[in-house]
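What follows is calculated from the coordinates using simple rules that are stated; it is not laboratory data. Fair warning: this is a prediction, and the values are worked out from it, not measured in the lab. Neighbour counts are summed over all protein chains in view; Cβ atoms, including those assigned to glycine, are modelled from backbone coordinates with ideal geometry.
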Amino acid sequence: MNPSNPDSPGLAGLTDPVDLTAAASLADTARLAEAAGQANEADRAARAESTAVRAAVRAVRGGDREAFGRLLDLYQRRLFGLALMMVRNPEAAEEVAQDAFVRAFTRLDLYDENRPFYPWLATIAVRLAQNWLRRHGRERVREGRPIDPERDAASTIDPIDELITDERGRQLWRWVAALPSGERTAVTL
């Protein structure tokens, strides 16, 4: 439903600006209610995850090393993605993520259970990634996908749209790379 378009099927017969405003307001209210329902669902999921994380942390602190595997399963992909965005090298990102988990395990006694676990873990990974970048320098990596003429011929995606999307992504990462280290980290997170 588009309130600015009286020809929209959802507004048939509405021509008065007050009617259009009321219809738009109802649509906004419906969207807000849907978003609130999704937010409540997300809050419940976050609380359940937080409870599971606290239980795993307590178990590890109690000597159950296998409980750390639950934390690893829960955050491994997310942490690898964060490291990859920073170092832009899959092997290095894997190394950074692994080192972050090792460091978190060895320093789990410093973790405050009253705070969320992932930001603590992500902070460790960000600092390790920054150290890796200082040691190895930033590598230039071609973004986008390799050119495959056979796949391109069979593709239903408009090549111009794909090229524009790739270029926008490259430009965005050039802008991010040009930021000072602290700001670049904040944007990457």
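So the values come out like this:
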{"read-out": "Loop sites in the stretch 86-138: trypsin sites (Lys or Arg not before Pro), DSSP, at most 13 other Cβ within 10 Å", "value": "107, 138"}
{"read-out": "Summed residue charge, Cβ within 14 Å of residue 66's Cβ, Lys/Arg positive, Asp/Glu negative", "value": "+2"}
{"read-out": "Spread of Cα-to-Cα distances over 5 Å intervals beginning at zero, given as percent, for the stretch 52-111", "value": "4, 20, 27, 21, 15, 9, 4, 0"}
{"read-out": "Estimated vicinal HN-Hα couplings, Hz - the stretch 162-173 in sequence order (Karplus 6.51, -1.76, 1.60; Gly, Pro = x)", "value": "5, 5, 5, 4, 4, 5, 4, x, 5, 5, 4, 5"}
{"read-out": "Per DSSP, loop GluC sites (Glu not before Pro) in the stretch 51-132 with at most 10 further Cβ within 10 Å", "value": "66"}
